[in-house]
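Peer 1: Before we start, here is the structure in question, set down as structure tokens.
The values are calculated or read from the model by the stated rules, or taken from the named source; none is laboratory data. Quantities reported herein were computed from a predicted structural model and do not represent experimental measurements. Glycine also receives a Cβ, built like all others from the backbone with ideal geometry; neighbour counts cover every protein chain displayed. Ligands, DNA and RNA are excluded from the accessible area calculation, which covers all protein heavy atoms including side chains. Shrake-Rupley method; radii C 1.70, N 1.55, O 1.52, S 1.80 Å.
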Amino acid sequence: MRFDVITLFPELFAPFLVSGVTRRAYESGLVEVKFWNPRDFADGNYRRVDDRPFGGGPGMVMLGEPLALCLEKIKADRLEENVPVVLFSPVGQSLNHRAVENWSASCGAVLICGRYEGIDQRFITTYVDHQISLGDFVLSGGEIAALALLDAVVRLQPGVLHDEGSHQFDSFNPALDGLLDCPHYTRPEEWRGQAVPKTLMSGNHVHIERWRRDQRLALTQRLRPELRPR
């Protein structure tokens with residue numbers, strides 16, 4: 001699996017590739033991530049990648065040509081492999097568990113991290129296959145969204161997590177009927193006047209699983225009722 005990331009700030013990704021459990025995927029080569037800076041494909045002494053918007057208004061707009069040249073270089077580097085081009089944008093579909101599972105089973109993608117007021121629409125119309133949003137808010141760039149997608153996808157790869165099946169007990173997983181996960185407790189048995197629920201201390205695995213199921217249903221009903229099975 002390979003992800004090519006187009007970004008003006010590749011240095012923002014470095015700590016996430018060498019830290020935490022997901023680093024195993026990158027160190028082993030299970031997931032390859034390559035970075036491409038559109039400034040390297042821009043003209044002039046200043047390698048300009050943005051300009052003022054037609055029609056006026058605040059901010060700047062990323063130029064289409066450096067991005068297009070960068071994308072062409074990526075496709076050549078991937079030997080013309082046909083992979084989807086993804087732009088992180090407020091107008092995109094919200095990222096969810098099902099989409100992450102689909103991406104985790106893919107061969108990868110080209111991830112475009114926009115900046116400024118946005119990207120020339122002509123580039124988007126011509127080259128972008130998917131637009132993804134993290135939610136109804138705006139970030140200063142697509143890098144955080146790209147990191148979120150990479151982290152979510154990588155942790156689903158075989159051998160990345162200590163327990164192969166642990167992700168199946170995460171919130172939103174079909175193994176939990178798409179519900180929110182239940183609360184979790186650890187030592188000590190009493191902490192600042194709060195005790196661990198007695199059921200979890202009973203050793204009765206049938207009762208424990210029933211308690212966890214009830215908690216998932218109650219929590220989902222209270223916080224995310226739209227997720228409950230119909």
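Peer 1: Write down the accessible area per residue of the stretch 80-230 in Å², having rolled a 1.4 Å probe over the full set of protein chains.
Peer 2: 63 Å²
Peer 1: Hey, another quick one. Enumerate by residue number the GluC sites (Glu not before Pro) in the stretch 156-211 meeting two conditions: DSSP loop (anything except H, G, I, E, B), and at most 16 other Cβ atoms within 10 Å of the site's Cβ.
Peer 2: Hits after loop and neighbour filter: GLU164, GLU189.
Peer 1: First check a/c for the stretch 1-64, with a ≥ b ≥ c the square roots of the eigenvalues of its C-alpha gyration tensor; if it is under 1.5, answer rounded, and if not, answer prolate when a/b is larger than b/c or oblate otherwise.
Peer 2: Cα axes put the stretch 1-64 in the prolate bin.
Peer 1: With all protein chains present and a 1.4 Å probe, how do ARG47, ARG24 order by accessible area, largest first?
Peer 2: ARG47, ARG24
Peer 1: Further question: Starting from the Cα of VAL21, step 7 Å toward the Cβ, then list every residue of the stretch 156-185 with an amide N under 15 Å from that point.
Peer 2: Counting backbone N atoms under 15 Å from the label point, the list is 156-171, 173.
Peer 1: Students sometimes get this wrong: rank LEU134, LEU17 by accessible area, probe 1.4 Å, all chains present, largest first.
Peer 2: Ranked from most to least accessible, the order is LEU134, LEU17.
Peer 1: Counting Lys +1, Arg +1, Asp -1, Glu -1, what net charge surrounds PRO53 among other residues with beta carbon under 12 Å of its beta carbon?
Peer 2: So the environment of PRO53 carries a net charge of -3.
Peer 1: Taking every DSSP beta bridge with both residues inside the stretch 63-222, roughly what % is antiparallel (nearest 5)?
Peer 2: Given both bridge residues lie in the stretch 63-222, the antiparallel proportion sits at roughly 25 percent.
Peer 1: I'd like the GluC sites (Glu not before Pro) in the stretch 18-105 restricted to DSSP loop residues with at most 16 other Cβ atoms within 10 Å, sorted by number.
Peer 2: When the GluC sites (Glu not before Pro) of the stretch 18-105 are filtered for loop state and at most 16 Cβ neighbours within 10 Å, GLU80, GLU81 remain.
Peer 1: Can you list which of the chymotrypsin sites (Phe, Trp or Tyr not before Pro) found in the stretch 106-195 are DSSP loop residues with at most 15 other C-beta atoms within 10 Å?
Peer 2: Passing both the DSSP loop test and the Cβ count: PHE137, TYR185.
Peer 1: I would also like to ask the following. Over the stretch 1-116, what is the percentage of antiparallel beta bridges among all DSSP beta bridges, to the nearest 5?
Peer 2: 15 percent
Peer 1: Still on this structure, I have one more. Tell me what the chain gives for mean residue ellipticity at 222 nm when only DSSP H runs of n ≥ 4 count, each as -39,500 (n - 2.57), the sum divided by the residue total, rounded to 500 deg cm²/dmol.
Peer 2: One gets -9000 deg cm²/dmol as the mean residue ellipticity at 222 nm.
Peer 1: Can you give the convex hull volume of the alpha carbon atoms of the chain per residue, in Å³?
Peer 2: Spelled out: Cα convex hull of the chain, divided by residues, is 187 Å³.
Peer 1: Right, something else. What shape does the stretch 70-177 have by the C-alpha gyration tensor, where a ≥ b ≥ c are the square roots of the eigenvalues, rounded means a/c under 1.5, and otherwise prolate means a/b greater than b/c and oblate the rest?
Peer 2: Verdict is oblate for the stretch 70-177.
Peer 1: For LEU95, what is the net charge nearby, where nearby means another residue's Cβ is under 12 Å from its Cβ and Lys, Arg count +1, Asp, Glu -1?
Peer 2: -1
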